[in-house]
Structures are given as structure tokens and as C-alpha cells.
Amino acid sequence: MEYVAEEPFDETRAAVNYLGENFEVLQSVQALEHSREKQVETRFRRGDVNADGVLNIADVDRLLGYLFGGRSTGSAPLLCRDAADANDDGRLNIGDAVSILRHLFFAGGALPAPALRCGLDVTPDDLLCQTATWNCE
């Protein structure tokens, strides 16, 4: 089996080819076809998980509540998933809480931009902000 994308690369269309013993194409199946709506980017501060404009332990609490549930604050969706991605790896996980803790308490260095000032995420990922964090409109 091989994955084939059209040239020039088009992320909205691709096919899977089923290959025979001599790598000849036996069958081709359209694997991916969708349209991606243009997303409006929202300004935020990285690490400001609870969107109150202050980077502190409350942001870690909010993120852990979201990730592991069991608390009323954890069940509510995050308003800005980009802000919660504190290590800017494109995923929300315990590593983001650790990054904020290291930044706050262990001189772990600055969080990836935009952290000190409001800004846009320049790293391509699927995390979005539904609303700007405090004072970032």
C-alpha cells in the first residue's frame, strides 16, 4: 500500500494505492478529500490557559483540570487551546503544565512566543483560539 498526494502537494486530496507483488497498482482509493475553511487567527499569550491576562499557577490548575477532568473547571472547554500549548509542540498534554511550572518556579526559560506580549501563533498546528486571551483583542 502507498499513500499518494497530488503534485504540487495538496493537503485536501490524496489517494491510497493497493500494490501487487511487483508493486503494480491493483486499486486506487480516494483517501482524503475535504475543504478546510480559512481560520481567523486570534491573538493570545502563551501559557495564559485561563485567559485572565496573568501567567501563574492558576493556569497550570486550569490545564490539569482540562486534561484530567474530575473538576468542574476541567469539564469546560478551553477558550484558547494555542495558549494552553505552553511548549508549542502542537499538542495539549502534561508537558505543557510542566513547561509553565518550569517557567514560573525553576528558571526554565521563556515560553515560546507569543508569551510576553499578545501575538499570533507562527507554528502550524490544529490548535485554535475561540477567543482572545485577556487584553489581547
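A cut-off under 15 angstrom between Cβ atoms defines the neighbours of R46, and their net charge, with Lys, Arg +1 and Asp, Glu -1, is -4. Which one, F105, F68, A84, projects farthest toward the positive side of the charge dipole computed for segment 42-137 from Cβ point charges (K/R +1, D/E -1)? It is F105, whose Cα lies furthest towards the positive end. Summing Cβ point charges (Lys, Arg +1; Asp, Glu -1) relative to the Cα centre of segment 42-137 gives a dipole of roughly 180 debye.
Between F106 and N22, what length comes free when the chain is fully extended (0.36 nm per residue of separation minus the Cα-Cα distance, one decimal in nm)? The partial results should precede the final answer.
Working: separation 84, 0.36 × 84 = 30.24 nm, distance 5.74 nm.
Between F106 and N22, full extension yields an extra 24.5 nm.
Give, in nm to one decimal, the length gained when the segment between A58 and Q130 is fully stretched (0.36 nm per residue of separation minus the Cα-Cα distance). List each step's numbers first, then the result.
Numbers: separation 72, 0.36 × 72 = 25.92 nm, distance 2.00 nm.
Length difference between fully extended and current span is 23.9 nm.
Take 103-115, 78-90 and order them by the average number of nearby Cβ atoms within 10 Å per residue, most first; the result is 78-90, 103-115.
Annotation for E137 and V98: the two label points, set 7 Å from Cα along the Cα-Cβ direction, are 3.8 nm apart.
Rule-based calculations on the coordinates, nothing more; no lab input. These numbers were taken from a predicted model, which means no experiment stands behind them. Here the Cβ is made from the backbone with ideal geometry for all residues, glycine too, and neighbour counts use every protein chain on show.
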